[in-house]
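Below is one structure, written out as structure tokens, with a few remarks after it.
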Amino acid sequence: MAALSYRSAAKIAAREMHSSRGKFFFVILSVAIGVAALTGVRGFSTSFRSTLLDRARSIMAADLSARMFQQPTPEQEKGLDEIAASGVEITPVTELLSMASSAKTLDPLLVSLKAVDPAKYPFYGEVELSPAMPLKTVLNADSVAVADDLLVRLNLKVGDQLKIGTQLFRIASVVVNEPDRLSGSFAAGPRVMISREGLEASGLLAPGSRAGQRYLFKVPRPRSGAPISDKAVADLKARLEKLLPEAQIIDYRETNPALTQGLDRATSLLSLMSLVALVLGAIGVAMAMRAHLQQRLDTIAIMKSLGARSGQVIKIYLLQTLLLGAAGGVLGVALGIGVQRSFPFLLAKLIHVDTELHLQLSTVLTGLAVGILTTLLFTLPPLLDIRGVRPILILRRAVEDNDDPFVTGIRRKITKNVAQLGAALLILAGLAAIATTLSDSVLVGQVFSLGLVGVLGVLLAASAAVLAGLRFFLSKTRLHLPSSVRHGLANLYRPGNPSAALLAALGMGVMQIMTVYLVQKAVVSELHISAAPNLPNVFLIDITNDEIGGIRALLKSQHSVTAEPELLPVVSSRVVEIDGVSADKAKLKNFPRRMLRTISLSWSAAAPTGTNVVAGKWWAPDEKGAVVAVEQRQAQRLGVHVGSHITFAAQDKQIVATVVALMKPDGQHAYSRAEFVLPQAALAGLPVVWYGGVHVNPDHVGELQRALYAAFPTVTVINVAQALETVRSVVIQITYVIQFLAAFSIFAGVIILASSIAGTRYRRIREVVVLKTLGATRRRIATVFSIEFAVLGLVAGLVGVLFANLIARVLLTRMTVAYHFEWGWSLGGLLGTAALTMATGWVASHRILGRKPLEVLREE
């Protein structure tokens with residue numbers, strides 16, 4: 001045969017596709033659903049994550065924050081000016097304690113003063129005022145905005161005069177909520193917000209004043225309008241850490257542990273769902289294309305009989321594969337865009353957030369490329385079967401190619417055609433590369449790729465073992481089983497039956513779907529704990545030992561208090577030595593040395609609520625020795641670890657404590673403020689001040705403030721209810737989106753698996769005809785097929801569920817989420833796989849039973 005041009009090969013491929021539209025429907029459907037799930041989930045998750053990050057920025061009011069406890073040096077000011085010249089916006093926030101008074105009361109009140117530039121602050125979010133108005137219209141050189149509890153304590157109202165320092169200021173509004181309330185200082189006293197001009201005029205910034213300075217930074221958006229990249233924020237953070245070595249620098253992801261964990265876990269899960277959509281689509285392609293090429297072997301044999309070379313035949317079907325992948329990819333991208341556009345409307349009542357959806361060209365091109373690439377990868381093995389095979393062997397494939405036992409056949413294929421092994425390795429390498437490239441989480445990409453390789457190997461081995469075991473079982477019990485059962489089991493290894501491939505495909509699909517379900521269930525449970533409605537949202541400062549009993553009783557009597565109060569004992573101390581090195585010479589990492597002079601110690605017999613021990617072990621309840629548990633981030637800043645020794649000094653007493661545990665608080669409880677915890681015996685006899693955390697109905701915080709002020713006027717109430725409600729709402733939105741996208745991924749996966757099973761219907765037509773010709777009834781054929789489908793589903797489900805639990809355990813452990821084996825859901829997945837296999841098999845094959853033998857025999 002003359003050389004076959006690509007144009008001629010494409011014509012032949014297109015003509016064959018047109019004549020076999022029904023068979024190609026499953027191929028295009030599998031590619032389209034896989035690409036649609038990938039494009040839709042990935043596109044929406046990218047847009048939603050961008051929206052979530054904007055919400056996280058609003059909780060800090062900036063991209064980064066640098067807290068300093070002294071004025072910057074001239075060199076540091078020069079460095080900050082250079083950063084500003086590069087396009088980064090900077091605004092300072094000064095926080096200090098001061099006394100305020102009014103003409104209506106003779107007693108001055110300690111207040112927490114916050115000076116900002118209302119023209120810039122905040123970069124993200126907004127300050128909520130009552131009456132509602134923009135902050136820049138409220139604050140000027142002679143006006144302030146105050147918290148409601150200041151009005152209560154000083155018996156004032158909006159419009160009255162308040163004296164701060166040497167100046168009188170008009171109270172212009174009431175501060176309801178500040179976006180950066182959680183990242184600011186929890187200083188004693190009601191909040192007073194003042195302009196920077198007003199602070200200068202008050203005379204409070206005298207030399208030696210203990211004013212805390214926070215610099216807020218806003219990274220410029222790229223000119224393309226794309227979201228600010230994490231890399232840009234990380235680069236600026238590294239630059240600031242080098243410029244301001246004693247400053248505490250955090251980015252918008254570190255404002256609240258619950259929010260940080262929620263964002264990280266959402267990113268990992270959304271990446272996992274995108275990868276699952278990819279592999280499930282590939283499974284559908286593999287099954288459908290395998291069935292199609294097996295059906296075309298007669299045509300291939302005729303071509304080779306007429307002189308066509310293997311390369312020419314492969315060229316035809318390679319182009320056909322590319323056309324199918326492109327058609328499915330284009331359809332899938334169109335469906336994916338529709339899915340992406342519909343998600344916000346479906347979730348509108350749940351997430352209450354406007355997600356800006358942008359049609360990202362990269363996502364579209366990725367979906368299209370992945371659809372074509374996976375189609376091409378999975379058609380390599382059947383295409384390579386064409387090479388070097390004589391036409392007579394292809395024509396007699398049902399006898400010659402499948403007569404050997406399964407294991408022997410596999411061995412023979414490997415030894416006679418090394419290219420098949422190379423194709424299998426190429427498929428694994430290709431999918432692993434795509435998974436790693438697509439994954440927004442390197443962890444998920446690595447675990448997913450390794451799990452993919454492992455499960456494929458085990459599934460193929462399990463398929464061989466099951467089929468060999470069935471053959472052996474039937475050889476020993478053939479006469480003791482009903483004939484329909486024998487036939488159904490023997491059908492699994494009959495010549496030409498793709499049982500091994502179907503087992504591998506089904507098992508992998510079940511593994512992917514169950515992994516998504518198990519991981520999202522565990523993560524959502526953890527997020528629900530982080531977003532629990534009874535976590536402390538009002539904190540009490542400076543409670544004396546004499547007041548603690550009365551505080552407990554008052555909180556218990558308040559109907560607005562919805563959870564047991566958390567009360568934390570605190571002993572003021574300082575660090576003298578770290579591992580024998582004087583505190584003045586200790587190597588600290590982004591931690592002001594002066595902070596070592598004012599630290600707080602607490603005691604607890606067991607790990608406090610909301611605290612996880614990440615290294616070492618907590619002490620026994622009756623511990624008398626000097627041991628200490630250190631908060632993980634604080635330990636990194638101080639350079640200590642389990643086994644280190646820290647010398648604390650409180651009054652005239654020195655405590656040399658051994659670090660026995662590192663702890664990681666969740667940031668949601670009162671004990672999250674305790675960075676050093678010791679046994680009570682180690683702190684016996686030292687003066688104690690108590691801090692408290694209590695959950696109050698956000699609408700009734702004012703009532704509690706008034707009751708506490710009336711009974712305990714020296715106790716300061718810090719109201720962060722509105723700020724925590726913002727965090728809680730974001731975390732709840734994350735859980736809803738994770739659950740919704742997981743459900744969509746599972747639904748798409750089930751459809752793809754169903755189409756994979758349905759793609760085998762063309763192989764069953766001839767078998768049904770042969771059985772009918774030999775006298776089999778419809779009922780008997782239905783029983784035989786049902787047994788075959790059920791065994792396939794049970795075996796694939798068993799392997800898939802076991803691997804799903806294994807991979808879920810690895811992923812959850814790496815994500816620091818508790819793993820629990822779900823017996824009920826695992827059993828449900830196993831039985832569900834069997835039911836899906838049977839149902840899909842019969843939905844696709846029920847019409848076959850009505851075919852008359854003569855209709856098919858005439859086609860021979």
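The values are calculated or read from the model by the stated rules, or taken from the named source; none is laboratory data. None of the values given here were measured: they were computed from a predicted structure. Backbone-built Cβ (ideal geometry, glycine too); neighbour counts: all protein chains shown. Keep in mind that these areas ignore ligands, DNA and RNA; they rest on the heavy atoms of the full protein, side chains included. Shrake-Rupley method; radii C 1.70, N 1.55, O 1.52, S 1.80 Å.
Structure summary
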| read-out | value |
| --- | --- |
| Scope the stretch 619-639; condition crowded, with 19+ Cβ neighbours inside 10 Å, more than 25 Å from Gln248 (Cβ to Cβ) and not aliphatic (A, V, I, L, M); matching residues | Trp619 |
| Restricting the stretch 94-109 to residues that are touching an Asp or Glu at 6+ places or on another chain (Cβ under 8 Å) and assigned to a strand (DSSP E or B), the residue that is farthest from Leu240 (Cα to Cα) | Ser102 |
| Test: residue in the stretch 178-195 that is touching a strand residue (DSSP E or B) at 6+ places or on another chain (Cβ under 8 Å) and more than 19 Å from Leu96 (Cβ to Cβ) | no |
| Single condition Pro679 does not satisfy, out of (1) surrounded by 16 or more Cβ atoms within 10 Å (Cβ to Cβ); (2) over 30 Å from Asp652 (Cβ atoms) | (2) |
| Qualifying positions in the stretch 30-78 - outside any helix (DSSP H, G or I) and either closer than 24 Å to Arg181 by Cα or of a type outside the set (Ser, Thr, Tyr) (or both) | Ala61, Ala62, Asp63, Leu64, Ser65, Ala66, Arg67, Met68, Phe69, Gln70, Gln71, Pro72 |
| Count of the stretch 199-223 residues which are farther than 17 Å from Thr166 by Cα and either at pLDDT 80 or above or within 31 Å of the chain's Cα centre (by Cα) (or both) | 11 |
| Residue count for the stretch 131-169, restricted to those that are within 12 Å of Val192 (Cβ to Cβ), part of a strand (DSSP E or B) and out of contact with any Asp or Glu (no Cβ under 8 Å at 6 or more places or on another chain) | 8 |
| Of all residues in the stretch 583-601 being surrounded by fewer than 14 Cβ atoms within 10 Å (Cβ to Cβ) and without any contact (Cβ under 8 Å) to a residue 40 or more places away in the chain, the one that is nearest to Arg673 (Cα to Cα) | Thr598 |
| Positions within the stretch 44-72 being of a type in the set (Asp, Glu) and surrounded by fewer than 23 Cβ atoms within 10 Å (Cβ to Cβ), in sequence order | Asp54 |
| Members of the stretch 627-657 that are assigned to a helix (DSSP H, G or I) and either without any contact (Cβ under 8 Å) to a residue 24 or more places away in the chain or more than 14 Å from Val576 (Cβ to Cβ) (or both) | Gln632, Arg633, Gln634, Ala635, Gln636, Arg637 |
| Selection within the stretch 94-118 - small (Gly, Ala, Ser) and at pLDDT 90 or above | Ala115 |
| Residue match in the stretch 575-582 (condition: open to solvent by 70 Å² or more (accessible area, probe 1.4 Å), at pLDDT below 85 and either within 24 Å of Leu243 (Cβ to Cβ) or not in a helix (DSSP H, G or I) (or both)) | no |
| Candidate set from the stretch 660-693 (those that are among the aliphatic types (A, V, I, L, M) and touching a Phe, Trp or Tyr at 6+ places or on another chain (Cβ under 8 Å)); member that is nearest to Glu526 (Cα to Cα) | Ala670 |
| Some residue of the stretch 655-667 being open to solvent by 40 Å² or more (accessible area, probe 1.4 Å), closer than 22 Å to Val720 by Cβ and out of contact with any helix residue (DSSP H, G or I) (no Cβ under 8 Å at 6 or more places or on another chain) | no |
| Breaking point among (1) modelled with pLDDT under 80; (2) over 24 Å from the mean Cα position of the chain (by Cα), for Leu831 | (1) |
| Residue in the stretch 687-701 that is outside any loop (DSSP other than H, G, I, E, B) and under 14 Å from Val628 (Cα atoms) present | no |
| Residue match in the stretch 231-239 (condition: over 19 Å from Gln70 (Cα atoms), modelled with pLDDT under 85 and touching a helix residue (DSSP H, G or I) at 6+ places or on another chain (Cβ under 8 Å)) | no |
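Residue-by-condition table, conditions (1) part of a helix (DSSP H, G or I); (2) modelled with pLDDT under 80:
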| residue | (1), (2) |
| --- | --- |
| Met508 | yes, yes |
| Thr515 | yes, no |
| Val519 | yes, no |
| Ala522 | yes, no |
| Glu526 | yes, yes |
| Leu535 | no, yes |
| Lys556 | yes, no |
